[in-house]
Amino acid sequence: MGLPPVGSTLRLPEQPGQRASITVTATFSKCSHSVSALARTPGAWAALRARPELLPSAVEEALRFDPPTQRSQRFASESLELGGRVIPRGALIVPVLGSANRDPAVFAQPDRFDPARDSRAALTFGGGIHACLGAWLARLELRVAFAALGARYSQLALTGEPLEWRETAARGLRRLRVEGTLATCSPPT
């Protein structure tokens, strides 16, 4: 969604308060997932606009709530026991990141999107020597996208068109249609 992705269309209203229609092709899955979560969660967009200091936590929560990369793969460097089962050295391990990010032992009400939540424990970008080198860029892109949308649109809503997902390791929306109401002025920065 950066500015807007290839294949997107954007029709902007000419007067504040008019409705805008944005079609976002899910070239950047994290942006479409995040905007979808904000638009589907009652009060989330208004809270983010009213409290810009929530921007960093809203970015982390968006990445936790619906990460574009759902799983990873690793090989066991040594034999280990996990959950009463032995995993032999060299065995393929497939951590399911999307599921880990919804663990109720780590996140209270994990299936609820909360832009004020501290989601730094999320495994969206892996960790240790396998941490994603582009994590900082992904976070920056979302911060810029949220700030730009917040400055321009006072309201966001899904158009009602069914969400169609690409189901792969890098899961994403094929298209996201969002309606927004043009803001009369920018929120405080």
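The values are calculated or read from the model by the stated rules, or taken from the named source; none is laboratory data. Only a predicted model underlies this, so the values are computations on that prediction, with no experimental measurement involved. Glycine also receives a Cβ, built like all others from the backbone with ideal geometry; neighbour counts cover every protein chain displayed.
Go through the residues of the range 25-34 one by one and say whether even a single one is at pLDDT 90 or above and crowded, with 18+ Cβ neighbours inside 10 Å.
Scanning the range 25-34 turns up at least one residue that is at pLDDT 90 or above and crowded, with 18+ Cβ neighbours inside 10 Å.
Go through the range 105-121 and count every residue that is more than 21 Å from ARG40 (Cα to Cα) and modelled with pLDDT of 95 or more.
The total comes to 2.
If you go through the range 162-189 one residue at a time, how many are modelled with pLDDT of 80 or more and in a loop (DSSP other than H, G, I, E, B)?
Of the residues in that region, 3 qualify.
Can you tell which of LEU156, LEU133, LEU137 is in contact (Cβ under 8 Å) with a residue 60 or more places away in the chain and either part of a helix (DSSP H, G or I) or more than 13 Å from the chain's Cα centre (by Cα) (or both)?
Result: LEU156 is the single residue among LEU156, LEU133, LEU137 that is in contact (Cβ under 8 Å) with a residue 60 or more places away in the chain and either part of a helix (DSSP H, G or I) or more than 13 Å from the chain's Cα centre (by Cα) (or both).
Condition check ((1) surrounded by 18 or more Cβ atoms within 10 Å (Cβ to Cβ); (2) under 13 Å from ALA62 (Cα atoms)) across all residues:
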residue	(1), (2)
ASP118	no, yes
GLY126	no, no
CYS132	no, no
ALA138	yes, yes
ARG143	no, yes
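Consider only pairs whose beta carbons are under 8 Å apart and that are at least six residues apart or on different chains; among these, list those whose first residue lies in the range 98-118 and is more than 21 Å from ALA39 (Cβ to Cβ) and whose second residue is of a type in the set (S, T, N, Q) and not in a loop (DSSP other than H, G, I, E, B).
Pairs found: ASP118/SER57.
With the requirement that a residue be touching a Ser or Thr at 6+ places or on another chain (Cβ under 9 Å), modelled with pLDDT under 95 and part of a loop (DSSP other than H, G, I, E, B), what does the range 66-88 give you?
ASP66, PRO67, PRO68, GLN70
Would you check which residues across the range 54-77 are closer than 17 Å to PHE107 by Cα and among the aliphatic types (A, V, I, L, M) and list them? Walk me through it before giving the result.
Here is the first cut: in the range 54-77, the ones closer than 17 Å to PHE107 by Cα are 57-67.
Scanning the range 54-77 gives ALA58, VAL59, ALA62, LEU63.
Does LEU63 satisfy the criteria of being touching a Phe, Trp or Tyr at 6+ places or on another chain (Cβ under 7 Å), under 17 Å from ALA138 (Cα atoms), assigned to a helix (DSSP H, G or I) and at pLDDT 90 or above?
No, not satisfied.
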